Amino acid sequence: MNETFITTHGPDGEDILDWRENTIVDALRFHAFRTPDLQLYTLLGDGENETDGTTAAELDQHAKALGSWLRRLLPEGARAILLYDNSLDYIRGLMACLVSGIVPVSGVHPKAFGARDRFLAVRDDSEASAVIGNKSVLAEFQKVCVPPEDGRRFLWIPTDSGRLPPGKQTFSPRSNDMALIQYTSGSTRTPRGVVLTHRNIAHNLFRQAEAFGYRRGDCGVNWLPLSHDMGLIGGALITLGTGGRCVLLAPEHVAEKPVRWLRAISRYRATLSGGPDFMYGLCARTIEDEDQQGLDLSCWEIAFNGAEYIRPDTMQNFHRKFAPVGFDNRSFFSCYGLAEATLLVTASTRGQGVGFQSFSRHSLSQGEATPSKEPLDQRQLASCGAILEDIRIFIADDETDEKLPDGQVGEIRIQSPGVSSGYVNREAENERVFGSGVVGEDGTFLRTGDRGFVRDGELYVVGRQDNRITVGNMILDPEDIIACLTNYADDIRMFSTTVFLESQDQGAPLVIAAELPSGSGADKTILGQAIGKTVCERFPVQKCWVVFLRAGSMPKTPSGKIRVGEMRERLKSDHVSVLGEEYYTQAGTSQVRILKFAHGKV
């Protein structure tokens, strides 16, 4: 074994691959050789019934056969977009590219809103030579997608057209070779193609396994889009890296009926599963008591939450709802990561739950993390866990690059073997984002664009730099403002609510745009005034414009994040369905209306 694979010892004394010397391709060969009958993946094609599956040996054989066939059509180093539904074919296509020296491009979920436009943007930005996918999906896209403007040859390659002849692996990637181009979600700007090497991926999978306390026999359930970094790296490839098992569901099936996610966890005795904060909230709100019959969630040891903002009330509501069927509050697991660092950067500890701390909202807005005893001034933040081994994190002033001491808020900077070398075709931006220094420290650091601080060795994330709202000399975070509206969770869709300033002019109102639930009978005047009053009481804001939208109006990324800039532009141009609006002004403040969205006037 050791003559073929360079191994080290895992926590249970078993042989595991050394991430410094091996790739994800080696991992597949390793499991196919050692445990060929290991059922790596199972697909619930309709969200409930098994429709596909693969063992380690079967995936290895299919990857070699498909890879050999692809190399007849594409040269080594060519870039191919993965355009599959959330199925095992996504993983098969990915591995076929990797074993043949073709670079897969991930980032398009064909059933997501705006998928065609995203596909065209990814195709042109990545300079891909081809797209691979199932014939039905390719045919649908090819009918509506114009050829590349630069006139380059672009191939549409269906990978399910017939039986493949046996193939063999003729390409062995090296650690520093480009492995994958993963596109970001694009919540605050145009999606970027993050270049990931085999070393980036191998390191991050190893650290994930270490942070999760991955044990032999662990099973995961993944409903997240495989086109997204959390779904692909954290949901699917971690299984291949560790030799565990993963049960896959499509995100649209879980959104349609969230209990399918929990039933899969219960049925397969899954120990690991998770997603963004909004899915826990959706489960707590929509799953009826009768749907919980037969559920047993006592097996679920890591319920990870990788949201930009982890809401304490979401976790409380989820635990209250599902404790009767065995869910343990200590299973909650917080983490922080981003595509530019492959995925995981910090993580909490298995079995210890998520720790929340209360800080002064006023102090945070001025860059200090200090306690507060005033109820209206308190903001609860979740610890995103300890910093992982061989990952260096500093909090820096975003203008001077000076290190900030513990407890001060600044930009999160990262140095790690998992950090990408940069975005595709963005040299100037790469110098700023991936090539920045930290005063007094060697090497370059990734500028995450996230604001946070370190306290007692743990990371706390405050908000996004691009989304922050400046009022006077104070910085406000939209996530904090939205979190103060939990009393209205029955009246507005909390995860489809966003906040921004109408303009940068002094005295411009704070806009709160919120979708109403379908069939809402709420009195919009009373609700709008109450929301405006709540915000003005807690923040240095004197004017609020509360805009109510039809359900489904909010533009979002494939991973469910709101595109704030696009939402603002839609409101200004009257390209959104406004159901009502209410203007709230604190007593003693001028009530001159600056903007009336419902009539598209600026």
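Only the coordinates and a few stated rules stand behind these numbers; no lab work does. Predicted model only: the values in this text are computed from it and were never measured. Cβ placement follows ideal geometry from the backbone for every residue including glycine, while neighbour counts extend to all protein chains displayed.
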**Message:** Which of the three applies to segment 478-599, rounded, prolate or oblate, going by the alpha-carbon gyration tensor with a ≥ b ≥ c and a/c under 1.5 meaning rounded?
**Reply:** rounded
**Complete:** In whole µm²/s, the translational diffusion coefficient that Stokes-Einstein assigns to segment 7-333, given a Kirkwood hydrodynamic radius over C-alpha pairs, 20 °C and 1.002 mPa s, equals 105 µm²/s
**Request:** Kindly identify segment 6-153 as rounded, prolate or oblate by the Cα gyration tensor criterion: order the square roots of the eigenvalues as a ≥ b ≥ c, call it rounded if a/c is under 1.5, otherwise compare a/b with b/c, prolate if a/b is larger, else oblate.
**Result:** prolate
**Request:** Sort the chain into rounded, prolate or oblate with this rule: let a ≥ b ≥ c be the square roots of the eigenvalues of the Cα gyration tensor; rounded if a/c is under 1.5, and if a/c is not under 1.5, prolate when a/b is larger than b/c, oblate otherwise.
**Result:** prolate
**Message:** What's the magnitude of the charge dipole for the chain around its Cα centre, counting Lys and Arg as +1 and Asp and Glu as -1 at the beta-carbon? Answer in Debye, nearest 20.
**Reply:** 1140 debye
**Request:** Could you state, as a whole-number percent, how many of the C-alpha pairs of segment 163-245 are farther apart than 17 Å?
**Result:** 58 percent
**Asked** Got a sec? How would I287, I526 order by Cβ neighbour count within 10 Å, fewest to most?
**Response** I526, I287
**Asked** Loop-only check: which trypsin sites (Lys or Arg not before Pro) in segment 268-339 are DSSP coil with at most 15 other Cβ within 10 angstrom?
**Response** R269
**Complete:** Given 20 °C, 1.002 mPa s and a Kirkwood radius over Cα pairs, the Stokes-Einstein diffusion coefficient of segment 355-464 in µm²/s is 146 µm²/s
**Cross-link pairs K373/K403; K321/K561; K111/K257; K524/K561; K321/K524; K111/K572 - those with Cα-Cα distance over 18 Å** = K373/K403; K321/K561; K524/K561; K321/K524; K111/K572
**Item:** Cβ-based charge dipole, the chain, positive-most Cα from G552, C335, P104
**Value:** G552
**Prompt:** For K135, which aspartates and glutamates qualify as cross-link partners when the Cα separation must be under 14 Å and same-chain residues fewer than eight apart are set aside?
**Reply:** D85, D89, D160
**Prompt:** Helix 115-126 sits at what angle to the longest principal axis of the chain, using alpha carbons and giving 0 to 90 degrees rounded to 10?
**Reply:** 70 degrees
**Low-density loop cleavage sites - trypsin sites (Lys or Arg not before Pro) in segment 12-97, where at most 10 other Cβ are within 10 Å (DSSP)** = R72
**Request:** Mind putting a number on the dipole of segment 478-599 about its Cα centre? Charges go on the C-beta only, +1 for Lys and Arg and -1 for Asp and Glu, and I need it in Debye to the nearest 20.
**Result:** 200 debye
**Degrees separating the helix 524-538 axis from the principal Cα axis of the chain, which is the longest one** = 90 degrees
**Prompt:** Cα centroids of segment 332-378 and segment 287-319: how far apart, whole angstrom?
**Reply:** 20 Å
**Complete:** Under the helix-only model (-39500 (n - 2.57) for each DSSP H run of 4 or more, divided by the residues of the chain), the mean residue ellipticity at 222 nm, to 500 deg cm²/dmol, is -8000 deg cm²/dmol
